[in-house]
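Below is one structure, written out as structure tokens; the observations come after it.
The values are calculated or read from the model by the stated rules, or taken from the named source; none is laboratory data. Bear in mind that the values here come from a model prediction, so they are computed numbers and not experimental data. Reconstructed Cβ throughout: ideal geometry from the backbone, glycine too, with neighbour counts over all protein chains shown. Quick note on the areas: whole protein, heavy atoms, side chains included, nothing else; ligands and nucleic acids left out. Shrake-Rupley method; radii C 1.70, N 1.55, O 1.52, S 1.80 Å.
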Amino acid sequence: MYEAKGVEVIIRENPLIIVILTPIMKRAHGQSFSKDIVFVDSSGSCDQMNTCVTFMYAASKIGAVPLACILHTAQTESNYTLAFSALKEYLGTNGFGGLGYPLLFMTDDSASERNALSSVYPSSRLLLCLFHLAQALWRWLWASENHILNEDRKPIMNMFRSIIYSSCIEEAESQYDIMLKESRCKTYPQLLSHIASIWERRTEWCLCLRKE
């Protein structure tokens, strides 16, 4: 029934992976915008079998356009690798605007997903989604094991946002230095260590370092 409607369904077993490409998805792969930047997002435990659903979207003038829907059994690096490989094998050089891979992938900070993308699409650059980055830090600030006082959470978040949205690298470095020396932050060694680990990856999320 799916195939009769022009839907491509690629199935791999052990582990179970299902790649779904609808007519609009296949058509989108033939457009030049699909090679520029692709957003990848997963939702886990979507049914009693703990199935994960991973979507790929391209950015276009009319908004997000779907490129693929992948169902897989776990959010592990090996499963992601098999899933992305199945998609790549089917599309070949016809995918992503005829390039075979997108120039950029935008993801959350899932190591298993990002490692798999790097393995399957080594020529693509990986960036971190700012929404997910800020969301992850906000959750870290609220985690009871990190012992951040309630009245300190919002000021700390605002300082980090100043780094994210700096207009140039000099400003970003200055804002980072200010955050490290700020008296409120200095009371939390665990915070300084966490922020330092995020700063090491600044080329993936700092806006002034990815203007191109």
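Considering each residue of the stretch 37-54 in turn, at least one proves to be surrounded by 14 or more Cβ atoms within 10 Å (Cβ to Cβ), touching a Cys at 6+ places or on another chain (Cβ under 7 Å), of a type in the set (V, I, T) and touching a residue at least 12 places away in the same chain (Cβ under 8 Å). In the set I156, I198, I148, I178, only one residue is in a loop (DSSP other than H, G, I, E, B) and among the β-branched types (V, I, T); that residue is I148. Within the stretch 59-69, the presence of a residue that is open to solvent by 60 Å² or more (accessible area, probe 1.4 Å), at pLDDT below 90, under 17 Å from the mean Cα position of the chain (by Cα) and not basic (K, R) is excluded. Among the residues of the stretch 179-204, the ones that are farther than 22 Å from W142 by Cα, surrounded by 15 or more Cβ atoms within 10 Å (Cβ to Cβ) and touching a helix residue (DSSP H, G or I) at 6+ places or on another chain (Cβ under 7 Å) come to 1 in all.
For beta carbons closer than 8 Å, sequence separation of 6+ or different chains, a first residue in the stretch 195-212 that is of a type in the set (A, V, I, L, M, F, W, C) and a second that is assigned to a loop (DSSP other than H, G, I, E, B) and buried (at least 19 other Cβ atoms within 10 Å of the Cβ), the qualifying pairs are I198/W205; C206/S166; L207/S166; C208/S166.
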